[in-house]
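Here is the structure we will look at, set down as structure tokens.
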Amino acid sequence: MKISTIKELLDADVACCEEHLNRHVYSACGSDMMSDVLAFVKDQAVLLTGLVNSQVIRTAEMMDMVCIVLVRSKLPTPEMIELAQESGIVILTSKKRMYDACGILYTNGLVGNKLREA
């Protein structure tokens, strides 16, 4: 699924890296706990979260994620935007709650991914 499609489905605004909206994502992960995100299998993925700090960008970077959706009307900090620009990670903001946003993406064909084997 293209990031531009995610933007449309979630009625989201682009906070950073609009030039990368044509990138594809193949799975999604929704969590406010970055330790759970680190258990996610690396993939070209989108992260849905309500957590707003630079650790979100650093975690997404480590996991080769190409897009972050901030849910519940959360806005990125200037530091988050700066780090995302350096990494080319798209940041979207949506008024939707995480549960609803994940459900919308899932019903439109974007799947979750497996957890890493322990």
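The figure for residue 26 is an accessible area of roughly 130 square angstrom, using a 1.4 Å probe on the protein chains alone.
Looking at the square roots a ≥ b ≥ c of the eigenvalues of the Cα gyration tensor of the stretch 33-82, which shape do they give, rounded for a/c under 1.5, prolate if a/b is larger than b/c, or oblate? Intermediate results must be reported in sequence, preceding the final value.
On the way: a/c = 1.76, a/b = 1.54, b/c = 1.14.
Since a/c reaches 1.5 and a/b is larger than b/c, the shape of the stretch 33-82 is classed as prolate.
A Förster distance of 30 Å, applied to the separation of the beta-carbon atoms of residue 19 and residue 107, puts the FRET efficiency at 0.60.
Can you give the translational diffusion coefficient of the stretch 1-70 in µm²/s, computed by Stokes-Einstein from the Kirkwood radius over Cα pairs at 4 °C and 1.567 mPa s? Write out the running numbers ahead of the final one.
Details: Rh = 12.1 Å.
For these conditions, the coefficient is 107 µm²/s.
Ligands, DNA and RNA aside, residue 2 has an accessible area near 70 Å² when probed at 1.4 Å. Extent of the chain along its three principal axes (Cα atoms, max minus min coordinate, largest first): 36, 27, 24 Å.
Between the listed residues 55, 93, 77, the Cα displaced farthest toward the positive end of the dipole of the chain, a dipole computed from Cβ unit charges relative to the Cα centre, is found at 93.
The values are calculated or read from the model by the stated rules, or taken from the named source; none is laboratory data. All figures in this text were calculated on a predicted structure; none of them were measured in a lab. Cβ atoms come from the backbone with ideal geometry, glycine included; neighbour counts cover every protein chain shown. Each accessible area value is taken on the protein alone, full model and side chains, heavy atoms only, with ligands, DNA and RNA left out. Shrake-Rupley method; radii C 1.70, N 1.55, O 1.52, S 1.80 Å.
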